[in-house]
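Participant: Pasting in a structure now, in structure tokens, and then I'll have a few things to ask.
What follows draws every value from the coordinates through simple rules; no lab data is involved. Model, not experiment: these values are computed from the prediction. Here the Cβ is made from the backbone with ideal geometry for all residues, glycine too, and neighbour counts use every protein chain on show.
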Amino acid sequence: MFATIIRLIREWRRYQQSLNELNRLGDRELADIGISRSDIPRVAWSAARER
């Protein structure tokens, strides 16, 4: 159980970091990588879960 909590905390931190990085990008930069502003939370969470 403790390991699960630690894993979730790490995933949440990675999610927040990805979210912040993607939100710093402009609309044109986001379009260049193929995502829209509304996709940012989904893409950030997917990236956090992959690591």
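Participant: Hey, got the dipole for the chain? About the Cα centre, +1 on K and R Cβ, -1 on D and E Cβ, debye to the nearest 20?
Facilitator: Dipole magnitude for the chain comes out near 300 debye.
Participant: Between Arg28, Arg13, Arg37, which gets the highest mean-square fluctuation from a Gaussian network model of the chain, Cα cutoff 10 Å?
Facilitator: The residue with the greatest mean-square fluctuation here is Arg28.
Participant: Shifting gears a bit: Under the Karplus relation 6.51 cos²θ - 1.76 cosθ + 1.60, θ = phi - 60°, what is the ordered set of whole-Hz ³J(HN,Hα) values for the stretch 19-24, x standing for Gly and Pro?
Facilitator: The phi angles translate into 4, 4, 5, 5, 5, 6 Hz.
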